[in-house]
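*Asks:* Here you go, one structure.
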Amino acid sequence: MKFLFIGQGYPGVELSDAGSGIGTYLREMCLGLTGRGHECHVVVWKRAERIHLRQGYGGQMAHGASTFAKAPADKWRMEEEEPNAQHSTLNSQRSSAELKGQRSEVRSQRPESRIEHPVSSIEYPVSCPCTMPSASAAMRHAPCALPLEAHQLSMDGVTIHLLAHSYWPVIEKFAPDSRDIHNLRMLVRQLNTRHGFDWIEIESEEGIALGIQKDFPDKTVLRIHTTLAQMVQYKDVPRSWTVDRRLAREIRSFRAAKRVVTHSRLHAEELGRLFPFLAHVVVVPHGVDFSSSSLAEQQRHDRSAIYPSFLIIGSADRRKGFDRIRPVIDAYAAKHGACRVVIVSECAEQTKAVFGLVPPWPLNVQVEWRERISTESLAQEYRQASALLHLARYESFGLPLIEAAAFGVPVVTTPVGIALELMTGDLQRYLVDGDNAETVAETLAVAVGDTVPIGAALRKRYEDSHTRDCMVQNYLHVLVAEEV
């Protein structure tokens with residue numbers, strides 16, 4: 001079968017973010033499917049850029065549709081812009097004197113939840129009049145006469161298509177992300193014409209792929225991760241007119257979905273409570289794969305260091321419980337002494353200060369930050385960890401939990417996402433209230449003293465339910481059932 005996945009990012013793409021947990025899921029699913037002989041394509045977003053143009057160098061496309069045609073090198077300057085998780089738009093500014101009378105500026109703008117997952121590499125110049133705001137409804141629905149100049153790359157047998165964010169300065173005041181929505185829809189139409197996909201899976205992204213659901217209703221699967229509605233609640237995203245429009249678009253996407261998949265029973269129940277109109281939600285848990293050599297090395301590793309090492313992984317925000325970390329560190333140090341804390345996250349200094357994750361630290365406490373680390377480096381952190389600490393307020397799944405299980409690392413976690421299914425039986429005592437720092441610290445101390453049996457139990461549960469092969473097998477079973 002031929003599959004197309006539409007997401008935010010993909011691990012290992014040059015100049016791109018890994019796409020967070022969604023990117024990891026896409027990689028694992030695609031590698032599993034291609035390993036079984038299926039064909040996989042992935043559309044992801046290019047990292048945001050600002051493009052500065054000297055006045056008068058706008059291009060002109062066929063049929064009169066204007067575009068920014070590529071000019072000589074001395075007429076262009078493209079500057080990469082790092083995403084800032086603290087803002088809903090990428091808004092680095094240049095002085096007005098520099099810009100006045102010389103340049104016009106085009107900014108890519110993205111919703112809050114997409115700011116964290118910029119993607120990259122090759123740009124798709126849109127060369128079709130049906131994407132322009134003046135296009136008629138019939139023109140937009142018709143096949144594109146001029147195809148997108150689609151650049152692509154291949155990684156481990158998976159074809160990656162990279163689409164640049166773009167922006168209509170006036171229209172998007174009333175219709176947020178409208179040009180991204182049109183460009184994505186046109187690209188998917190063309191890719192489907194070229195490849196004839198059997199299934200198209202959309203990773204829920206605030207309804208930005210709603211047009212694709214309408215174009216291909218009989219072969220589209222909507223996989224719902226943490227929704228914007230939940231982000232507003234758990235991350236304290238400020239309500240605004242733009243956020244409300246995106247919330248409404250997300251609901252329209254959910255209403256249009258004929259097939260809905262998610263990855264934990266807890267999240268499926270929450271989706272049913274928040275969106276009772278949703279179609280039947282099927283649970284296909286995530287899975288990950290690690291080489292046998294890495295696991296063998298992990299099993300030889302001696303974790304009996306002078307002091308324990310606690311691993312924390314996630315985006316630095318309230319939903320992931322980063323405001324709960326410092327009280328736990330202080331409580332553990334006060335009662336149990338020295339420890340090492342490794343935080344794998346991209347976090348601005350200002351955000352660290354807001355969450356209290358700055359010196360001075362308690363005596364003999366060592367806190368280390370890891371940003372943009374490789375898969376090999378992350379595996380090394382798992383091998384050195386005495387326990388994974390996960391204090392999230394909400395997760396649709398929680399990939400670090402099964403990654404830790406794969407390495408036989410004890411897990412101390414709040415009861416979110418897959419935790420309630422993973423931490424059953426004797427492991428239930430390692431489910432904690434993230435707001436009770438003293439209890440969390442005491443549970444960490446118990447886990448450190450009981451590393452081997454906890455790790456063995458978690459490793460067994462990973463092997464039984466959360467390998468890549470388990471995920472792919474369950475997914476294909478669901479699709480076959482749909483066809484019948």
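Values in this text are rule-based calculations from the coordinates and carry no lab data. Small disclaimer: the values here were computed from a predicted structure and weren't measured. Using ideal geometry, Cβ is built from the backbone for each residue, glycine included, and neighbour counts are taken over all protein chains shown.
*Asks:* Under a crude label model (7 Å from the Cα following the beta-carbon direction), how far is residue 361 from residue 334 in nanometres?
*Replies:* 1.9 nm
*Asks:* What shape does region 292-466 take by its C-alpha gyration tensor, where a ≥ b ≥ c are the square roots of the eigenvalues and a/c under 1.5 counts as rounded, a/b above b/c as prolate, and the rest as oblate?
*Replies:* On the way: a/c = 1.35, a/b = 1.31, b/c = 1.03.
In terms of gyration-tensor shape, rounded.
*Asks:* If you rank 174, 290 by fewest surrounding Cβ atoms within 10 Å, what's the result?
*Replies:* 174, 290
*Asks:* Beyond 22 Å between alpha-carbons counts as too far, so tell me which of 46/214; 173/258; 219/320; 214/258 fall in that bin.
*Replies:* Values: 46/214 24 Å; 173/258 30 Å; 219/320 33 Å; 214/258 10 Å.
Checking Cα-Cα distances, 46/214; 173/258; 219/320 exceed 22 Å.
*Asks:* Sort 45, 168, 369 by Cβ crowding within 10 Å, fewest neighbours at the top. Walk me through the numbers on the way to the answer.
*Replies:* Details: 45 28, 168 18, 369 15.
If I rank by nearby Cβ atoms, fewest first, I get 369, 168, 45.
*Asks:* Can you list residues from other chains, or at least 5 along the same chain, whose modelled amide H is less than 5 Å from the amide H of residue 309?
*Replies:* Hits under the 5 Å cutoff: 340, 386, 387.
*Asks:* Along region 259-267, what does the Karplus equation 6.51 cos²θ - 1.76 cosθ + 1.60 (θ = phi - 60°) give for ³J(HN,Hα), rounded to whole Hz, x for Gly and Pro?
*Replies:* These are the phi-based 3J(HN,Hα) values: 10, 10, 10, 9, 10, 8, 5, 4, 5 Hz.
*Asks:* Sticking with this structure for a sec: Go through region 183-193 residue by residue and turn each phi into a ³J(HN,Hα) via Karplus (6.51, -1.76, 1.60, θ = phi - 60°); whole Hz please, and just put x for glycine and proline.
*Replies:* 5, 4, 5, 5, 4, 5, 4, 5, 5, 5, 4
*Asks:* Using the Karplus equation 6.51 cos²θ - 1.76 cosθ + 1.60 (θ = phi - 60°), what ³J(HN,Hα) coupling, rounded to whole Hz, does each residue of region 347-362 give in order, writing x for Gly and Pro?
*Replies:* 9, 5, 4, 4, 5, 4, 5, 4, 8, x, 9, 9, x, x, 9, x
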